[in-house]
Ligand SMILES: *Cc1c(COP(=O)(O)O)cnc(C)c1O
């Protein structure tokens, strides 16, 4: 059988594939990439063109593609076994991985529950928190059922994680399926919900969170936050002190703190986990995207021993956590994750990050002269560049113009692959990106913005 031609594959793509988060009416017009291979930090399309993968294949790829050590780890694991169940039984690779994660995680997180993606990591945290309060101290605090979240938050696409989210465009349609949460205005400094500027900011966003949590006190099961940065909302960076105040008010009313580090975990912030920047440890920590270096779907929800203990007891008491996925703790994914963590340890990844983060910051500053650049938000080795039609009034482009997509498409002609969030151009480059590649990336973005904004 001969291999299909690129034209055939494109035709079959149009005929059969339903793409996620993709308006199919414009899909083909927006010149979608058709990837055939990867080479280090580059994606290679079916025509042999190479593009720097500047969004880490949607925020999960950490060290590029076809990383020899991760490839070898998966091949070696294939010679043992690909998958066996963790339901009531165990397997070597997920045990080793759980131990490694506990060693790396913030203090107090001693238990690891595996699942398959970021949404399930959050879904698990949500169910664990609810069930914990039913069972903790004989159910004395079973009234704790309320989750406090941020407007504009994104925690995934399953019904529970959508309930926690606050992005109208993604979530409104599903409203009839969702449960209520208490939503607090997000710390979106460029468009501050409290009308403040940097100079006048007194962290009103943190005060509002505290007030909401105190008001509901004994009904609050948990505060749920993306850790450090609201990713899908447009790379909205939380002001310093925000997480610390969330932790403190959770403690004050006796609620749990759930941190979603699906996007910010594994080095993105400059630390292994973003909450380390504020010296905060959550009760439940959700991890996914970078866990396997961008190779295989896998997620982990880490919990404290206090939470775990509330699930112990004779089986007849029904305290068990009745949740689990077929591929939970998959051996190939565990091998990829262990190899990923080895790379962090052996290749000095975290040690090299401060220099790269500073360099990214300096290069981003160089874009500020472009009139369409409204705000630049950097979070470690990630950034969002918000494009605006009118910088003075911070007025956005009409959504129908799809400016963000147009800019990314124009940048593609300069050899860089990007995918925006609305009119925010998102950068999630490999943690191992070189200085030359950073310069190339920023040149391509400048060209893209110049070409696609009036
Ligand atoms: C991507 C993301 C999720 C969802 O992860 P999936 O693997 O896409 O289900 C959840 N939370 C945050 C913060 C994310 O960025």
Legend entry - Extension gain (nm, one decimal) between residue 351 and residue 34, 0.36 nm per residue minus Cα-Cα: 110.6 nm
Inset, instruction - For region 50-204, just the Cα atoms, rotate onto the principal axes and tell me the three extents in Å, largest first. - result: 58, 56, 35
Legend entry - Cβ-derived FRET efficiency at R0 25 Å, residue 174 paired with residue 358, nearest 0.05: 0.05
Inset, instruction - Distance between Cα centroids, region 324-368 to region 30-47: provide it in whole Å. - result: 21
Inset, instruction - Mind checking the full-extension length gain between residue 401 and residue 75? Use 0.36 nm per residue of separation minus the Cα-Cα distance, one decimal, nm. - result: 112.8 nm
Inset, instruction - Name the shape class, rounded, prolate or oblate, that the alpha-carbon gyration tensor gives for region 215-357, where a ≥ b ≥ c are the square roots of its eigenvalues, rounded holds for a/c under 1.5, and otherwise prolate holds if a/b is larger than b/c and oblate otherwise. - result: oblate
Inset, instruction - Report, in whole Å, the centroid distance computed from the Cα atoms of region 134-167 and region 51-115. - result: 27
Inset, instruction - Please work out the FRET efficiency for the pair residue 435 and residue 1, using the Cβ-Cβ distance as r and a Förster radius of 35 Å; give the result to the nearest 0.05. - result: 0.20
Inset, instruction - Could you list 295, 42 in order of exposure, starting from the residue whose Cβ has the fewest other Cβ atoms within 10 Å? - result: 42, 295
Inset, instruction - Can you check what the Kirkwood hydrodynamic radius comes to for region 381-420, Cα pairs only, in Å to one decimal? - result: 11.3
Legend entry - Pair-distance profile P(r), taking every C-alpha pair of region 344-410, with 10 angstrom steps and integer %: 18, 39, 26, 13, 4
Legend entry - Residue order, fewest to most surrounding Cβ atoms within 10 angstrom, among 442, 428: 442, 428
Inset, instruction - For an R0 of 25 angstrom, estimate the FRET efficiency from the Cβ-Cβ distance between residue 326 and residue 240 and round to the nearest 0.05. - result: 0.05
Inset, instruction - Give me the distance in nm between label points sitting 7 Å out from Cα along the Cα-to-Cβ direction at residue 214 and residue 306, one decimal. - result: 2.1
Inset, instruction - Provide the packing ranking of 60-66, 179-185, 11-17, 434-440, i.e. peptides ordered by the mean count of other C-beta atoms within 10 Å per residue, highest first. - result: 60-66, 179-185, 434-440, 11-17
Inset, instruction - Write down the Å³ per residue value for the convex hull defined by the alpha carbon atoms of region 6-90. - result: 174
Inset, instruction - Using only Cα positions of the chain, each an equal point scatterer, no hydration layer, compute I(q)/I(0) via Debye at q = 0.06, 0.07, 0.08 Å⁻¹ and quote the log10 values to two decimals. - result: -0.26, -0.36, -0.47
Inset, instruction - For a footprinting-style exposure proxy, rank 385, 343 by other Cβ within 10 Å, fewest first. - result: 343, 385
Inset, instruction - May I ask you to order 314-322, 70-78, 249-257 by the average number of other C-beta atoms within 10 Å around their residues, highest value first? - result: 249-257, 70-78, 314-322
Legend entry - Mean shadow area of region 292-390 over all directions, Cα convex hull, nm²: 11.3
Legend entry - Paired Rg and Dmax values of region 46-140, which use every Cα atom, in angstrom: 18.5, 64
Legend entry - Fraction of beta bridges assigned by DSSP in the chain that are antiparallel (%, nearest 5): 65
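Every read-out reported here was derived from the displayed coordinates using simple, explicitly stated rules and does not represent laboratory data. From a predicted model like this one, the values you see are computed outputs, not experimental measurements. As a convention, Cβ positions derive from the backbone with ideal geometry for all residues, glycine included, and neighbour counts pool all protein chains shown.
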